[in-house]
Amino acid sequence: MTSRRDIKLYKRLRDAGFRPTPQRLAVYECLLDMARQGRHPDVEELYHAVRRNFPTISRATVRRTLDLLAGLGLARRITFPGDAGRYDGDAHPHVHLRCVDCGTVTDIHVPELPDLLEVVAARSGFLLTGHTLVFTGLCPGCRSSRREAHATQAS
Ligand SMILES: [Zn+2]
Ligand SMILES: [Zn+2]
């Protein structure tokens, strides 16, 4: 089942110094698929998703692979308040918004973010290895259902 996409992934991983075993490729591919859907899975979610194709894969392998990918800059480990670690297959700097009502996490690409990181690095003297920038609020769906609730109460 070697597709062109697999070969591309294989090269990318190998160039990053990552031995691309079929299990590792499956974890990475799954993480990328989820990132494309705007999802930020935890180890458990990925484990269950990868197991559909690799029934023998262990949670430990999934976790180790994710940490390797994060270490190579191919994925990001993100922590939301009150939540176990999650992983993001989108390694480009972006901002996360989390809805306080439904828990939805939304990605926003802000072109100014790399500039902000530069400013932070320059002012602090830090060599930045990561960042977690999470905004909280009400997602558009929850905002409109709150408005509807208010409207019903008012009438
Ligand atoms: Zn919401
Ligand atoms: Zn994200």
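The values are calculated or read from the model by the stated rules, or taken from the named source; none is laboratory data. These figures come from a predicted structure and were not determined experimentally. Here the Cβ positions follow ideal geometry from the backbone for every residue, glycine too, while neighbour counts run over all protein chains shown. Keep in mind that these areas ignore ligands, DNA and RNA; they rest on the heavy atoms of the full protein, side chains included. Shrake-Rupley method; radii C 1.70, N 1.55, O 1.52, S 1.80 Å.
Things to note:
- Flag if residue 63 is more than 11 Å from the chain's Cα centre (by Cα), over 25 Å from residue 132 (Cβ atoms) and open to solvent by 20 Å² or more (accessible area, probe 1.4 Å): no
- Residue within region 92-106 that is among the β-branched types (Val, Ile, Thr), without any contact (Cβ under 8 Å) to a residue 12 or more places away in the chain and either assigned to a loop (DSSP other than H, G, I, E, B) or touching a His at 6+ places or on another chain (Cβ under 9 Å) (or both) present: no
- Near pairs, Cβ below 9 angstrom, 6+ apart or cross-chain, from region 121-141 (farther than 22 Å from residue 77 by Cα and within 16 Å of ligand 1 (Cβ to nearest atom)) to any residue that is assigned to a helix (DSSP H, G or I) and at pLDDT 85 or above: 138/146
- Residue check: residue 49 meets all listed conditions (1) open to solvent by less than 20 Å² (accessible area, probe 1.4 Å); (2) more than 16 Å from ligand 2 (Cβ to nearest atom); (3) of a type outside the set (Val, Ile, Thr); (4) touching a residue at least 40 places away in the same chain (Cβ under 8 Å) but one, namely (4).
- Single unsatisfied condition, residue 145 versus (1) in contact with a helix residue (DSSP H, G or I) (Cβ under 8 Å, 6 or more places away or on another chain); (2) part of a helix (DSSP H, G or I): (1)
- Any hit, region 57-69, residues being more than 16 Å from ligand 2 (Cβ to nearest atom) and touching a strand residue (DSSP E or B) at 6+ places or on another chain (Cβ under 9 Å): yes
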